[in-house]
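Here the structure comes first, spelled out in structure tokens, and everything after it is commentary.
Please treat every number below as a calculation from the coordinates, not as lab data. Just so it is clear, the model here is predicted, and its values are computed rather than measured. Cβ coordinates were reconstructed from backbone atoms using ideal geometry, including for glycine residues, and neighbour counts include every protein chain displayed.
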Amino acid sequence: MTQELQLLLITAASVGFFHTLMGPDHYLPFIMIGKAREWSLRKVIGLTLLCGVGHILSSVVLGFFGIALQVQVAKLEFIESFRGNLAAWAFIAFGLLYTLWGIRHWIKKKHHGHSHGKLNDSRNITPWVLFIIFALGPCEPLIPVLMYPAVAQSTSALILVTSVFGVTTLLTMVAMVVTSTYGLSFINIKKYEHLSHSIAGMVIFLSGLAMQFLGL
């Protein structure tokens, strides 16, 4: 293993970790949705992994496509930037709609004592909405910082570097979800339970704003 490849592998692990840690959109939606819907930790982790794989693979496929066709990295960065904006606005829209739905659900539950089956319907839809949004969102540093330099070494180096980045990203997402969920279990939020869905939606909405306007 060459020194260049060793450096790329260290960079892949570091970028995967810090890129995920500094981007609250990588874990806050799962934490808040799981808490609001009282999902088991196993289900929250499963959804986190599903969305994380979709998030990573979308950039990996684009990167391999660009490398195969010898597309200039600047053009791929433009596509990734466009996808990033699209994902950020999708987060903003989803968070806002979920907040409004949470308020509506609370009002109906307050007046009628049940939700007329709407909650069950949204349980089926919400995971797929999150998956689509994450699949739209790019891993911005993957292609220019890791994939293009790695392919200059060899195809096997490209696969190895991409795999290290992907695995590190997924492990960091899961670690943040597990530790945060565990920490929340010690906080008594009983009196705010009726607002749990609205709070979850607002956190997702703010995460989208942070992505769009702060570049997180």
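Odds and ends about this structure:
- On Cα atoms only, tilt of 155-184 relative to the major axis of the chain in degrees: 20 degrees
- Choice from Val203, Val73, Val167 with maximal GNM fluctuation in the chain (Cα, 10 Å cutoff): Val73
- Simple spin-label estimate for Ile187 and Val167 gives 3.3 nm between the two label positions (7 Å along the Cα-to-Cβ direction from each Cα).
- Rounded to the nearest 10 degrees, the inclination of helix 73-112 to the longest alpha-carbon principal axis of the chain is 10 degrees.
- Evaluated over the chain, the Cα radius of gyration and Dmax, each in Å: 19.1, 68
- Nonlocal Lys pairs with alpha-carbon distance under 16 Å, the stretch 3-214 (8 or more apart, or different chains): 9
- Choice from Tyr27, Tyr182, Tyr98 with maximal GNM fluctuation in the chain (Cα, 10 Å cutoff): Tyr182
- Fully extending the segment from Thr2 to Val178, taken as 0.36 nm per residue of separation minus the present Cα-Cα distance, adds 59.8 nm.
- Spin-label pair Leu100-Val129: with each label point 7 Å from Cα along the Cα-Cβ axis, the two points sit 1.1 nm from one another.
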